[in-house]
1. Just to verify a result, which residue in the range 80-124, among those that are in a strand (DSSP E or B) and open to solvent by less than 60 Å² (accessible area, probe 1.4 Å), is farthest from residue 172 (Cα to Cα)?
2. Filter the range 15-31 down to residues that are open to solvent by 90 Å² or more (accessible area, probe 1.4 Å) and part of a strand (DSSP E or B) and give me whichever is nearest to the ligand (Cβ to nearest atom).
3. Select the strands (runs of 3 or more DSSP E) contained entirely in the range 209-260, then report the ones holding at least 3 residues which are within 16 Å of the ligand (Cβ to nearest atom).
4. Restricting the search to the range 236-254, which residues are aliphatic (A, V, I, L, M) and either buried (at least 17 other Cβ atoms within 10 Å of the Cβ) or touching an Asp or Glu at 6+ places or on another chain (Cβ under 6 Å) (or both)?
5. Any idea which residue in the range 274-287 is modelled with the highest pLDDT, counting only those that are in contact with a strand residue (DSSP E or B) (Cβ under 8 Å, 6 or more places away or on another chain), buried (at least 17 other Cβ atoms within 10 Å of the Cβ) and part of a loop (DSSP other than H, G, I, E, B)?
6. Which residues, counting only those in the range 34-67, are within 13 Å of the ligand (Cβ to nearest atom) and open to solvent by 20 Å² or more (accessible area, probe 1.4 Å)?
7. Hey, among the residues in the range 131-146 that are part of a helix (DSSP H, G or I) and over 26 Å from the mean Cα position of the chain (by Cα), which one's nearest to residue 106 (Cα to Cα)?
Amino acid sequence: MNDRAGCDPFDVPSTVHALELSHVVKRYGDITAVNGLDLVVPEGGCVGLLGPNGAGKSTTMRMLTAQTIADEGQITVLGHELPGDSKAARARMGVVPQLDNLDTTLTVEQNLVVFSHLYRVPKAKRKDAIERVLGIANLGERRDSKVDELSGGMRRRLLIGRALIHQPQLVLLDEPTVGLDPQVRQELWALIDLLRSEGVSILMSTHYIEEAERLCDSVTIVSHGSAVAVGAPTDLVAEHAGRDAVEIYGSPERLIEIEAEMAKEGFPTRRTGTSIAVLGLDDAAGRAPAGERRPANLEDVFVLLTGEEIA
Ligand code: ATP
């Protein structure tokens with residue numbers, strides 16, 4: 001017998017999302033910081049929120065933690081509607097703020113104890129929860145160090161670990177590696193990878209395209225408060241930039257001429273410092289310009305769609 005016998009064949013449960021924003025708007029006076037944003041984080045997915053300065057990323061993060069209330073649209077976090085149900089949502093998510101707000105007068109372990117109380121980790125489980133986080137953040141040997149004795153990378157690991165004390169199902173990371181050197185950034189990437197492998201859903205805002213390419217299953221590129229592209233990094237590159245880019249170097253005057261010539265040919269271009277990258281060449285055949293060929297990347301897509309160079 002068909003084990004679905006008796007089931008309504010059209011009664012397929014809707015896809016569960018860890019987080020969903022639908023047509024969300026947030027205004028500050030005359031400024032529309034978020035302008036009809038749609039954003040989804042599937043359960044167990046890692047989604048990157050990319051956008052130039054002022055695109056509305058931080059405002060979006062603040063709405064997800066109910067520090068700011070949307071003027072329009074719907075926000076659902078782990079099945080809880082915001083802002084009404086924000087307390088229940090907060091209890092099941094971990095938040096890693098952009099700015100380090102660790103208590104510098106306390107030790108590593110004391111910071112975790114405070115958060116274990118704040119997030120109501122049951123008394124019987126508190127010790128294990130703290131040991132678990134010390135392990136994840138690789139700070140076991142520094143448990144008795146005061147926060148202001150830690151390096152920048154250690155502090156950031158503690159900040160992320162602190163957000164995991166109650167084993168959240170969803171983690172929001174606001175610019176998790178901003179201002180850190182490449183070595184420390186890679187350490188944190190390994191930590192974020194570990195979370196992903198444990199099935200934690202993740203939304204991270206970042207300025208670092210490489211970070212999004214490396215960690216995220218999908219990215220949402222935001223410009224002026226709304227999504228201009230959504231998809232897996234490789235799909236977005238194929239769709240908007242094609243397989244290869246041709247890099248052409250020249251004087252500023254020559255670059256302006258090339259831009260105009262390529263526009264006439266219908267090829268999108270982007271400035272990359274002293275050169276111009278010509279994109280969309282998949283069907284160019286003999287019309288492709290001469291220059292240095294390289295694979296197109298997500299940064300090309302970002303600049304094409306937002307008009308902004310990456311810092
Ligand atoms: P960045 O990458 O620089 O952090 P962002 O993408 O996070 O930028 P937001 O900080 O969300 O962008 O800002 C979006 C817009 O909303 C900007 O024009 C900003 O000046 C404005 N804005 C944000 N917060 C406020 C506020 N509290 N009052 C007034 N305007 C605000």
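1. Out of the qualifying residues, it is 107.
2. 28
3. Result: 218-223, 226-231.
4. 236, 237, 241, 245, 246, 248
5. 279
6. If the condition is that a residue be within 13 Å of the ligand (Cβ to nearest atom) and open to solvent by 20 Å² or more (accessible area, probe 1.4 Å), then 35, 53, 54, 58, 62, 67 are the ones that fit.
7. Here the residue is 142.
The values are calculated or read from the model by the stated rules, or taken from the named source; none is laboratory data. Quick caveat: nothing in here was measured; it's all calculated off a predicted structure. So basically every Cβ, Gly included, is an ideal-geometry build from the backbone, and we count neighbours across all protein chains shown. Remember, those area values only see protein heavy atoms, side chains included, never the ligands or the DNA or RNA. Shrake-Rupley method; radii C 1.70, N 1.55, O 1.52, S 1.80 Å.
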